[in-house]
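Reading through the structure tokens given below for one structure.
The values are calculated or read from the model by the stated rules, or taken from the named source; none is laboratory data. Small disclaimer: the values here were computed from a predicted structure and weren't measured. So basically every Cβ, Gly included, is an ideal-geometry build from the backbone, and we count neighbours across all protein chains shown. These accessible areas exclude ligands, DNA and RNA; they are computed on the full protein's heavy atoms, side chains included. Shrake-Rupley method; radii C 1.70, N 1.55, O 1.52, S 1.80 Å.
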Amino acid sequence: ANMATISSHIAVMTFPFSSHPSALLNLVRRLAASAPTVRFSFLSTAKSNQAIFSGQQYENIKPYDVSDGLPEGYVFAGNVHEPVEAFMKAIPGNFKAGMQEAEAEAGVKVGCLLTDAFLAFGGEMAEAMGVPWIAFWIGTAHKAEQTLKFIPGMSKIQIRDLPEGIVDHLEMPIALALRVMGLKLPEATAVVLNSYEEIDLTIINDLKTKLKKVLSVGPSTLTLSWPSKPDESGCLPWLDKHKAASVAYISFGTILVPPPSELAALAEAIEASRVPYLWSLPDHSRPHLPQGFVERTSTRGMIVSWAPQLQVLAHTSVGIHITHSGWNSVLESISYAVPMICRPFFADNMLNCRMVEDVWNIGVRVEDGILTKSGTMKAIQLLLSDDKRKELKENIRLLQESAVKAVESNGSSDKNFETLEDIIGLCR
Ligand code: UDP
């Protein structure tokens with residue numbers, strides 16, 4: 001959009017790690033398409049912008065790079081806390097600078113802040129600017145309220161399911177950010193969730209009493225067209241060659257690297273149970289697979305460094321999803337009704353896994369919560385057994401159905417999106 005056609009200017013601020021930026025971009029793409037005269041300035045680190053935009057251009061979404069806070073020439077050596085800590089020290093100054101750049105270029109002042117909920121400074125910034133603050137919570141509804149039995153809908157959650165930083169590791173910068181967020185979110189004009197109300201009405205209704213506006217507008221999986229990244233490694237034609245619901249799809253998300261011993265155990269379980277598999281495994285993890293595993297399983301297995309996960313889960317050949325239970329992965333599994341085997345690792349994984357197994361009954365947690373050969377084999381056999389499979393499949397189909405209804409015209413997510421559009425319309 002050129003300057004003359006910009007009706008209002010929204011600054012979007014991401015938490016530039018794991019799947020946070022792409023989840024926020026999904027929401028922004030949808031809003032931008034419905035509000036062509038609104039300019040969205042998308043502020044994230046250079047690394048994250050490169051990864052999620054990957055050269056793609058949008059009429060009214062403009063990426064701006066903000067400082068990641070890392071020293072010049074920094075080399076990542078495997079400790080994920082380092083870049084997060086450096087980034088948390090660089091906020092909010094880096095975003096202020098980015099916003100000024102965006103305002104200068106657009107020639108229009110920012111009239112609204114849309115931030116990842118982790119960036120609670122957005123509340124103060126918006127207040128100082130006299131503009132609305134919309135917070136985007138990338139997980140499901142449960143995380144905004146971290147306290148158990150006395151929270152409606154949370155009775156099955158145990159303390160040990162909580163992310164690090166809620167009851168321990170309180171010194172981590174991310175822990176501090178989460179606590180500040182808890183205090184700040186009630187001030188937000190709206191809190192937007194990539195979830196849908198019917199997945200857990202008790203929790204949503206409780207949140208509605210605590211926040212000004214709770215808008216579940218997802219699952220984004222069902223509201224967006226396929227992502228633009230092509231199926232470079234040929235996963236889909238490979239899946240075409242397999243029987244319905246026979247293949248196990250394995251992925252642990254965008255950031256997590258399971259310990260070598262667990263990767264090896266998982267490979268052994270896959271081999272021994274003879275289940276066909278499609279494994280999204282970063283190249284640097286490949287050396288941890290057992291010697292000869294790839295060759296011995298080559299007729300029924302495929303390993304890729306990145307899979308088009310949505311299309312994979314939507315494929316009829318996929319029958320099991322082995323996952324770290326990150327929120328996007330769980331929601332995608334629900335969207336295509338693929339039962340899960342969960343090996344939760346960090347952040348919200350434990351909470352999601354607990355909901356999957358104990359509340360929704362649409363998957364199982366691996367024995368003792370870690371990948372061993374025998375425990376993983378048991379889980380695979382269980383999911384392939386007629387009775388359990390039928391039970392899980394029925395439950396996940398019902399959830400899928402309610403998700404589809406939610407995004408249809410006049411469904412709960414559809415109506416919430418309209419409310420969000422109205423709020424965006426008020427941003428001047
Ligand atoms: N994903 C993908 N291909 C892969 C691995 C992951 O498309 O090979 C996507 C997946 O569809 C999901 C996201 O990456 O949308 C992972 O998000 P999630 O919340 O599950 O985990 P996180 O990466 O935040 O730990």
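Six or more apart or on different chains, Cβ under 7 Å: which pairs go from a residue in segment 301-314 that's farther than 17 Å from residue 282 by Cα to one that's within 6 Å of the ligand (Cβ to nearest atom)? Could you list them?
Taking only residues 6 or more apart or on different chains, the pairs are 310/332; 313/332.
Residue 309: within 17 Å of the chain's Cα centre (by Cα), within 22 Å of residue 247 (Cβ to Cβ) and buried (at least 16 other Cβ atoms within 10 Å of the Cβ), yes or no?
It is true that residue 309 is within 17 Å of the chain's Cα centre (by Cα), within 22 Å of residue 247 (Cβ to Cβ) and buried (at least 16 other Cβ atoms within 10 Å of the Cβ).
Looking at segment 410-428, which of the residues that are open to solvent by 100 Å² or more (accessible area, probe 1.4 Å) and either within 25 Å of residue 248 (Cα to Cα) or not charged (D, E, K, R) (or both) is modelled with the highest pLDDT?
The qualifying residue modelled with the highest pLDDT is 410.
Sort out which residues of segment 277-306 are more than 13 Å from the ligand (Cβ to nearest atom), out of contact with any helix residue (DSSP H, G or I) (no Cβ under 6 Å at 6 or more places or on another chain) and part of a helix (DSSP H, G or I), and write them in order of number.
284, 286, 287, 294, 295, 296, listed by residue number.
Find all pairs meeting these conditions: Cβ atoms under 6 angstrom apart; at least six residues apart or on different chains; first residue within segment 74-101 and farther than 15 Å from residue 175 by Cβ; second residue at pLDDT below 90 and of a type outside the set (Phe, Trp, Tyr).
Between residues of segment 74-101 that are farther than 15 Å from residue 175 by Cβ and residues that are at pLDDT below 90 and of a type outside the set (Phe, Trp, Tyr), there is no close pair.
Being more than 24 Å from residue 404 (Cβ to Cβ), part of a helix (DSSP H, G or I) and open to solvent by less than 30 Å² (accessible area, probe 1.4 Å) is the filter here, so list the residues in segment 355-384 that pass it.
369, 375, 376, 379, 380
Just for segment 330-340: of the residues that are hydrophobic (A, V, I, L, M, F, W, C) and assigned to a helix (DSSP H, G or I), which one is farthest from the ligand (Cβ to nearest atom)?
334
I'm told residue 235 meets every condition in (1) at pLDDT 95 or above; (2) within 16 Å of the ligand (Cβ to nearest atom); (3) within 19 Å of residue 120 (Cβ to Cβ) except one. Can you identify the failing condition by its number?
Just one mismatch for residue 235, condition (3).
Out of (1) more than 8 Å from the ligand (Cβ to nearest atom); (2) under 26 Å from residue 194 (Cα atoms); (3) polar (S, T, N, Q), the odd one out for residue 309 is which?
(1)
Quickly run through segment 249-276 and pick out the residues that are within 16 Å of the ligand (Cβ to nearest atom) and of a type in the set (Gly, Ala, Ser).
Matches in segment 249-276: 251, 253.
Which one of these does residue 221 not meet: (1) more than 14 Å from the ligand (Cβ to nearest atom); (2) in a helix (DSSP H, G or I); (3) among the polar types (S, T, N, Q)?
The failed condition is (1).
Right, residue 52: in a helix (DSSP H, G or I) and not small (Gly, Ala, Ser) or not?
yes
Any idea how many residues of segment 336-349 are open to solvent by 10 Å² or more (accessible area, probe 1.4 Å), hydrophobic (A, V, I, L, M, F, W, C) and more than 14 Å from the chain's Cα centre (by Cα)?
The total comes to 1.
Scanning for something within 19 Å of residue 376 (Cβ to Cβ), in contact with a Lys or Arg (Cβ under 9 Å, 6 or more places away or on another chain), of a type in the set (Lys, Arg) and open to solvent by 30 Å² or more (accessible area, probe 1.4 Å), does segment 278-300 turn up at least one residue?
yes
Collect the residues in segment 316-329 that are farther than 16 Å from residue 257 by Cβ and either within 7 Å of the ligand (Cβ to nearest atom) or open to solvent by 30 Å² or more (accessible area, probe 1.4 Å) (or both), keeping them in residue-number order.
Within segment 316-329, 316, 327, 328 meet the criteria.
Give the residues of segment 104-126 that are more than 27 Å from residue 193 (Cα to Cα) and either open to solvent by 10 Å² or more (accessible area, probe 1.4 Å) or not in a helix (DSSP H, G or I) (or both), sorted by residue number.
Residues satisfying the conditions are 104, 105, 107, 108.
Among the numbered criteria (1) touching a residue at least 12 places away in the same chain (Cβ under 8 Å); (2) over 14 Å from residue 252 (Cα atoms); (3) of a type in the set (A, V, I, L, M, F, W, C), which single criterion is violated by residue 278?
Tallying (1) touching a residue at least 12 places away in the same chain (Cβ under 8 Å); (2) over 14 Å from residue 252 (Cα atoms); (3) of a type in the set (A, V, I, L, M, F, W, C), residue 278 fails exactly one: (2).
If I ask for residues that are among the polar types (S, T, N, Q) and open to solvent by less than 10 Å² (accessible area, probe 1.4 Å), which ones from segment 7-28 would you list?
Residues satisfying the conditions are 8, 14.
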